[in-house]
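Working notes, beginning with the structure itself.
Each reported figure results from applying straightforward, stated rules to the coordinates on display, with no laboratory input. Just so it is clear, the model here is predicted, and its values are computed rather than measured. Here Cβ is always computed from backbone atoms with ideal geometry, including for glycine, and neighbour counts include all displayed protein chains.
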Amino acid sequence: MSGDRTSGSDGPGAETPDGTEPTDPAEASKDGSDGPATHGRDGPSATGPEEARAAAGGPDAAASDSSRRAERTVAAARTAANELAAWDPDDAAALVRSVGERLADGETISRLARSAANETGRGHPGTKAEKVATEIDAARRSVRDAPTAGVVDRDGAAGTVTVAGPLGVVGAAVPATHPVVVPAVLSLYGLAARNAVVLAPSPSAVETCDAVVETVSRALADAGAPTDAVSMLPAPPSKPETDALFERADFVVAAGSETTVAAGQRCGTPNVAASADGVVAVADGSVPAPAVAARVAVGATYDFGAHPAGDAAVVTVSPAVDPLCAALEDEGGYVLDAAERDRLRALLGDSEGDESEARAAGSDPRGKSPRRLAAALGLPNAARQTSFLIVTPDSADDPLATLPGIPAIAVHGRDGFDGALGPAADP
């Protein structure tokens, strides 16, 4: 993670680090080479005979059609997975290196990062490029340094040999907070283990996810690998279609909203799930407040808070709360008063529920710049130059107890260090 915080004056649509205006994903695809290639089998806006019948038949027919669409995509992925399973581990490793090089290309990263910022309306374009490059580089190192196929361990003393075999098809949800990192990294990990990957993007990340899939598909084709080894559910995305994917896959990665995590955990398929709750930092009062504030501020402001590993709250001993808030102000924060906290509660409440509806209504504050967040809350002009907001919640049950996804930090005071650990263990 970078030690630099993004300015409150930059947001989606702002100039990128090279001084160019971020382009709309649709504009980038006009020449058919760099933009999204509608890699879902039906395309983002296709309406075929089955879709028309589903629309006329009501919710049950639509759910049935979603199931069929997911079934077709998984079937194609399973054929690709069966082909990959026969690959020699060394050939699979060479394939992953080829795909990784394509994803790590500087121009590709910049294009995908701009697409993510434009489409999702979240985060800072420059920071997104840095984040994507860092995560892809880390994934490439992981699959390069650790054996993932064939013989992965020999224990001479025990007389055992461990052989890794593929699972088959991995079904993965792609959250709007990571529309590039999740599909890119999971593609590398899945292919390294000779699995196929099917992605189910958030409604606000379809074009960007499709662009990642197209980039990977070209690398697969160039390497002579089946292009269906990494694919995406046909657009437009829907919860029934994602549920159908989770039920048909051999392994599930459910990252994102509470709804997505719950779907992954109840699908009956082996899974890993992670929601974007953010990090709760704990300070015992022995470290100077300015040092704590400097570290917390970086986590709270990175990519305008649109980062699951960003700081969502800090808990310290009660006597240290006021000095810490003052130090956070020195780092560019703005402390909300009681009335402003009420307005933030209302804004966050309006953004709950269906993500696409919240975005359409303009009520979703996640990943917005501090300036936009301050304007939405009606804060004074001085606050609109802030880097992040500082909130002192009323209790651990307060909706403001943790603030993931926005450039803000909640500050809690507790009696003693053991008391401070409580909210961190169960935020």
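Where in the stretch 225-258 does the label zone of Asp153 land, with the point 7 angstrom along Cα→C-beta and an amide N cut-off under 11 Å? Backbone N within reach: none found. Among Val180, Val298, Val287, sorting on how many other beta-carbon atoms sit within 10 Å of each Cβ, with the fewest leading, yields Val287, Val298, Val180. Between Ala376 and Thr79, the simple spin-label model (points 7 angstrom out along Cα→Cβ) gives 4.4 nm.
Annotation: amide H-H contacts under 5 Å for Val152 (H modelled 1.01 Å from N, sequence separation of 5 or more, or interchain): Thr162, Val163, Ala164. Here's how it looks for Ala281: its modeled amide H is under 5 Å from those of Ala312, Ala313, Val314, Val315, which are all 5 or more places away or on a different chain.
By the gyration tensor of its Cα atoms, with a ≥ b ≥ c the square roots of the eigenvalues, what is the shape of the stretch 154-197: rounded for a/c under 1.5, prolate for a/b over b/c, or oblate? Taking the square roots of the gyration eigenvalues as a ≥ b ≥ c, the stretch 154-197 is prolate. Histogrammed with a bin width of 5 Å, the alpha carbon distances of the stretch 245-350 distribute as 2, 11, 15, 16, 16, 12, 10, 8, 6, 4, 1 percent, first bin at zero.
Suppose R0 equals 51 Å; then what is the FRET efficiency for Ala164 and Ser64 from their Cβ-Cβ distance, rounded to the nearest 0.05?
Numbers: r = 37 Å, r/R0 = 0.73.
Rounded to the nearest 0.05, the efficiency is 0.85.
Neighbour counting of Cβ atoms within 10 Å sorts the residues Cys209, Cys325, fewest neighbours leading, into Cys325, Cys209.
By the beta-carbon count within 10 Å of each Cβ, the least crowded to most crowded order of Leu245, Leu344, fewest first, is Leu344, Leu245. Placing pseudo-labels 7 Å out from each Cα toward the beta carbon at Glu107 and Asp91 gives an inter-label distance of 3.1 nm.
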